[in-house]
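To start, the structure itself, in structure tokens.
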Amino acid sequence: MRTCSHPIRLRGWHERIDADTGELLSRVVTAREPGGVLLVACGDRRVASCPSCAEIYRRDAFQLVAAGVRGGKGVPEAVGEHPALMVTLTAPSFGAVHTIRDRDGGCPCGGRHLPDDEALGAPVDPDRYGYLEQATWNHLAPMLWKRTVQEIRRTLARELGVARHRLRDVVRVRFVKASEFQRRGVVHYHAVIRLDGPVDVGSAPPSRCNAKLLEHIVRCSVESVEVSASGYCICWGRQLEIVHLAQEDIGRAAGYIAKYATKATEVAADGLLLPRLRTASDVVNLGAPPHAKRLVEAAWLIGGEKGLRGARRWAHQFGYGGHTLTKSHDYSVTFATLRGARAAWRSGRPSDASGDFITRGQLAYAGRAPALWSSGEVGRNLERWRPES
């Protein structure tokens, strides 16, 4: 197992006590640990920051996505028979960028690029590129997704001839969605959308609610929805990909979404993870490739406009402040459940007994440490303590 790149150091003490019997299950005093501190894995999801912790996150994301279309992990297997689509939503064009259009590497610039060419994703003509528009699109993309889900539910209600507020009594729309930064520095979304019956996750939707109807509704909703703010109006790009999910496609689709859940802005900044920027001087002094820096500057600039002020907080993400992976409430299992089951397995207790003990203690942050232990060893510390005599 690879090591955690930036383990967290804690000082203090911690105890776990059985809530029924009062038995001391485990105790740790960090002064008695190697180095006088307890090392805990950083848990960073970004592979460019910590490959080991990001791999754990990716595997959890895979299980979360897959369980929603084939069952398992507490999700009824009946969901595997429900209509489900894999949908990819993209941003519009903000100007020509260096790209590989075909097998021989054709590009709008007239030249040809290899897959590892650093020019890929950068504008062909930076002076005419829509940096402000792209930063605005990134910032408003979460709202655009929210409006799209709302429109899917409205359109489905109209198709079924029921009032919008009664749709939950007929069919329910559930989804999981992951964001991905393209090399040009703009976000697009990969989502799995599923239809369920009104009773619970395992109940079947009405026979009329099939994958073909869902695809029609998704296409209509994506084409019609838009969001306006501070004089800007954004909508989805022309590239819309919809795939009907069959059982043999589930693993590939889940792996595809989980992979992008561990990526961030490094794809558009030559592998560099940009730090959070707090002042205008931070923006001026930022060391980043020219295209990435101009996107940061654009996000900072639009953040001064009414309706877009939050963009400055997320300037290091080119204006995008949405979550990397989100899901509707009952789509499938949660990250917390998966982590709890893993912690229970490591400690040797039943996974359904996670709430049968009391924890108490005082642990203080003592900085970050170099990679000393494997991520599995670091991650087990809070579960492997044993009572002391």
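Quick notes on this structure:
- Rg/Rh, computed from the Cα trace of the range 65-166 with Rh as the Kirkwood radius, has the value 1.15.
- Here the range 195-248 and the range 271-338 have alpha carbon centers that stand 27 Å from each other.
- Hydrodynamic radius of the range 19-91 per Kirkwood, over alpha carbon pairs, in Å: 16.7
- Kirkwood Rh and Cα Rg combined as Rg/Rh, the chain: 1.01
- Principal axis dimensions, the range 264-347 - Cα atoms, whole angstrom, descending: 49, 30, 20
- Over the chain: helical MRE at 222 nm, DSSP H runs n ≥ 4 each giving -39500 (n - 2.57), nearest 500: -9500 deg cm²/dmol
- Evaluated over the range 227-318, the Cα radius of gyration and Dmax, each in Å: 17.2, 52
- Taking every alpha-carbon pair in the range 170-254 and binning the separations at 10 Å intervals from zero gives 13, 39, 33, 13, 2 percent.
- The range 101-152 pair-distance distribution - Cα-Cα, 10 Å bins, rounded %: 20, 31, 27, 21, 1
- Neighbour counts of C-beta atoms inside 10 Å place Thr90, Thr262 in the sequence Thr90, Thr262, starting with the fewest.
- Rg followed by Dmax, in Å, when the range 271-320 is reduced to its Cα trace: 9.9, 33
- Relative counts (whole %) of C-alpha pair distances in the range 145-200, using bins that are 10 Å wide: 21, 44, 22, 11, 2
- Dimensions in Å of the range 113-222 - Rg and Dmax from alpha carbons: 18.7, 55
- Straight-distance candidates among the lysines for linking to Lys263, with alpha-carbon spacing under 28 Å and chain neighbours fewer than 8 residues away dropped: Lys73, Lys146, Lys177, Lys293, Lys327.
- Largest GNM mean-square fluctuation across Ala229, Ala268, Ala253, computed for the chain with C-alpha springs under 10 Å, falls on Ala229.
- Here the range 8-135 is treated as a Stokes sphere of Kirkwood radius computed over C-alpha pairs; at 10 °C and 1.306 mPa s its diffusion coefficient rounds to 76 µm²/s.
- Radius, Kirkwood style, for the range 69-110 when every pair of distinct Cα atoms is counted (Å): 14.5
- Expressed as a fraction of 2.2 N^0.38 Å, the value expected for a compact globular protein of N residues, the C-alpha radius of gyration of the range 208-254 is 1.54.
Laboratory data are not the source of any read-out in this text; all were calculated from the coordinates shown. Please read these numbers as outputs of a predicted model, since none were measured by experiment. Cβ atoms come from the backbone with ideal geometry, glycine included; neighbour counts cover every protein chain shown.
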